[in-house]
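The structure appears right after this line, and notes come after that.
Values quoted throughout were computed directly from the atomic coordinates according to the rules given, and no laboratory measurement underlies them. Just so it is clear, the structure is predicted and the values come from calculations on it, not from any experiment. With ideal geometry, Cβ positions are generated from the backbone for all residues, glycine too; neighbour counts draw on all protein chains shown.
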Amino acid sequence: MSRKPLYTNEQIIEVGEALERAHPGREIDAWRVYDKLGLRGKYERVREIWDTHREARKEKGSPAESYEKIMPSHFRESLDKIFGDFGNGIEELFMNFDSHISSQYNRQIRILQEDHDKSLSELKEELAFWRNRASTLEQELGDQAPHTSVRAQEKRRETDKSPKSSPSGPLPGQMTMSV
């Protein structure tokens, strides 16, 4: 004896159609219906029922097709013109918005580039100043010790600061032991 399904076929179809009404123009697949049912029951059964229902509706034809059959042609042409004008207006709005956003982006990039160039120029001037200052200091040091370069003077200072090595042999007053 098989178990009674959690949801009837009608309940599954009703949930799917409610999702379609809530999200017009969006294709509702079986997974969305199953999710709305709380992810309970067998997904395969929900998919089979929902897909069969959708196929049956496709065979009957969409409501738009049936309206075209009963709607007078001049009324359809008027609606087509209205929707076409509306679509063109929306497209123009998006084009203007895109143009505005692009120009703002380009303006911001240009400002950032100018700031970067200004900072780079200031850093180059500062580097030139410090190079000139270093050169002046080297010349002043060179005038004080004409045969010694700055690096040689620095090495000499370092060796002067290092501890002196102790002389070999005992210091005066120390006793030595011999074995």
Q) Is the stretch 1-124 best put as rounded, prolate or oblate by its Cα gyration tensor, with a ≥ b ≥ c the root eigenvalues, rounded for a/c under 1.5, and otherwise prolate when a/b is larger than b/c, oblate when not? A) oblate
Q) Let a ≥ b ≥ c be the square roots of the eigenvalues of the Cα gyration tensor of the stretch 86-147; is it rounded (a/c under 1.5), or, if not, prolate (a/b larger than b/c) or oblate? A) prolate
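Which number do you get for Rg(Cα) / (2.2 N^0.38 Å) in the stretch 1-65? All intermediate terms of the calculation are to be shown ahead of the outcome.
Values: Rg = 12.4 Å, N = 65, 2.2 N^0.38 = 10.7 Å.
Normalised Cα radius of gyration, the stretch 1-65: 1.16.
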(Q) Please list, in order along the stretch 127-140, the HN-Hα scalar couplings obtained from phi with the Karplus expression 6.51 cos²θ - 1.76 cosθ + 1.60 (θ = phi - 60°), rounded to whole Hz, x for Gly and Pro. (A) 4, 4, 4, 5, 5, 5, 5, 4, 5, 4, 5, 4, 5, 4
**Q.** Options L93, L123, Y105, ranked by Cα towards positive dipole end of the stretch 70-145, top entry (Cβ charges)
**A.** L93
